[in-house]
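One structure below.
The values are calculated or read from the model by the stated rules, or taken from the named source; none is laboratory data. All of these numbers come straight from a predicted model, not from anything done at the bench. Heads up, the Cβs are rebuilt from the backbone with ideal geometry, glycines too, and the neighbour counts pull from every protein chain shown. Surface areas here come from the heavy atoms of the whole protein model, side chains and all, with no ligands, DNA or RNA. Shrake-Rupley method; radii C 1.70, N 1.55, O 1.52, S 1.80 Å.
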Amino acid sequence: MRTTFAWISLGVHLATLTSSAYAIALSNKQGTVIEVDILQVETNRIEIRMANGQEIWFDRALLADESQALIDAQADAEKDLFAEINDLLDIELLNDNHLWDDAPAAVADRLEWPKESKTETQSSFRRYPKANYRILDCRPYSAALYGDEGKAQRLSIVFANKGDFKYSDVPTDREIQEMERAIEDDVERIQTKLTKLLGEPNKQQFGAGRGIKQSIQRWDWKDHAFLLASQDGEYANLKIMSTAAADNKGRGEKLSDAKLRALTTENLIQRPNGDIVVGNIPMVNQGPKGYCVPATFERYLSYMQIPADMYVLAMAGQTQVGGGTSLSAIIGSIESFISSQNRSMKQQGAAIDVRTVQKHIDKGLPVIWTMFSSKEYNNYSNVHTLERLDVTDWKSWEKAVKSKARDTELQKDISTAHACLIIGYNKDTNEIAVSDSWGPAYSERWVPAEQAEQVSQGSIYVIGF
């Protein structure tokens, strides 16, 4: 009886239903006809979606014989289609007709993309493929899969682009022309292949913010959206996400200040030795490019529940050939994007000391720090962090750190400008915790605040409430 009522209630929405490429008219045994999208087909039931987005399961035994046959025929056809999509992409992305209920690790295992990051709720897998790797018959330079709450969420695949192309020390006109031609060729090849299988695309705008808003071509299959974004002489990028996420232009859920404040403070870790550290910050491996700024911002934005892509941020940051980016250009571009998510970003000119860091970390907010990441600094930080791992007497360590800090003077090397996150502090030992976008091994390193100030560029950035 419950299922019959569900069927009758669908009749109320008949006038509001709209046709899609995959809509199908079904009738029950009493002859009532409705039009729905079929999401999943099982032996005894089907999952259907109405135009208002409501999704329910329906008992197949209540359907007319003709509708049963129609469902079976469509299910068989769609099995062939998802296999065709895998063949088209040249990767084993889909295991059935619905990607978004798959565990991210299972999808990554099919794709053979290594894990990049894992927090309590978010995960990412990224591959920087070799030159012979192909997706859509094009060479990808970065392929990333993102998961949230244990489910696959989206993919971002970057093809020919300004930052990854190989150039001479002084790029020649010919090399730049070859890069531009490679981007054009990838866009044309991807567009042709997707259109042949999925039909003509819709042209839309995606994202928000100067330099971040993209013009895209969009193809839909069931609840999967394929978005091809490109910019002349800059990049070719394919995003794959749910149609609902694409309709929302990739924006995350807008959280109230109170809810986000609760989430960030829950991430604070307090250790017996006095360390206060922000946990659950996603890692992004910037790869073999000078993408420290966009990678750091992607980490921070993702932590604040704002979906981000370091490649799009990099292009907004006026990426130079070979990968260098402009901090000021990125800042200018993402401020309106952050504002659209009810968040704000503040820049401060401040000395790097525990007092400065503490007031942000205690709210569960990491700090973007601009500094000079010289070889001398990194060697010092690596040794200091390793020594710290073996400490059992923290009173003695406190004295040793202060003594060593007084005797050490790190030089600023302006050729090593860098951006990273400050994620914690220890008031007793006067140390700060730093996290770089170079992979898990660099997720937490410690350095005395005095030495951090010696290599600081003098600015910090905080995204807050």
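Things to note:
- Taken together, the residues in the range 354-409 that are in a helix (DSSP H, G or I), without any contact (Cβ under 8 Å) to a residue 60 or more places away in the chain and touching a helix residue (DSSP H, G or I) at 6+ places or on another chain (Cβ under 7 Å) amount to 1.
- Count of residues meeting criterion [surrounded by fewer than 17 Cβ atoms within 10 Å (Cβ to Cβ) and aromatic (Phe, Trp, Tyr)] in the range 158-185: 1
- Looking only at the range 240-261, residues that are out of contact with any strand residue (DSSP E or B) (no Cβ under 8 Å at 6 or more places or on another chain), open to solvent by less than 30 Å² (accessible area, probe 1.4 Å) and either closer than 30 Å to Gln217 by Cβ or part of a loop (DSSP other than H, G, I, E, B) (or both) come to 2 in all.
- Taking the range 112-226 as the region of interest, the strands (runs of 3 or more DSSP E) fully inside it that hold 2 or more residues being free of Cβ contacts under 8 Å to residues at least 40 places away in the same chain are 115-118, 122-127, 142-148, 202-206, 214-221.
- Only one of the listed residues (Arg134, Arg127, Arg154, Arg139) is modelled with pLDDT of 95 or more and surrounded by fewer than 16 Cβ atoms within 10 Å (Cβ to Cβ). That residue is Arg134.
- Evaluated against (1) among the aromatic types (Phe, Trp, Tyr); (2) touching a strand residue (DSSP E or B) at 6+ places or on another chain (Cβ under 7 Å); (3) surrounded by fewer than 21 Cβ atoms within 10 Å (Cβ to Cβ), Tyr146 falls short on exactly one condition, (3).
- Unique residue being open to solvent by less than 30 Å² (accessible area, probe 1.4 Å), more than 15 Å from the chain's Cα centre (by Cα) and at pLDDT below 90 when the list is Thr319, Thr325, Thr264: Thr319
- The set of residues from the range 429-445 being out of contact with any Pro (no Cβ under 6 Å at 6 or more places or on another chain) and surrounded by 22 or more Cβ atoms within 10 Å (Cβ to Cβ) comprises Thr429, Ile432, Ala433, Val434, Ser435, Asp436, Ser437.
- For the range 393-407, the condition of being of a type in the set (Ser, Thr, Tyr) and touching a strand residue (DSSP E or B) at 6+ places or on another chain (Cβ under 8 Å) holds for none of the residues.
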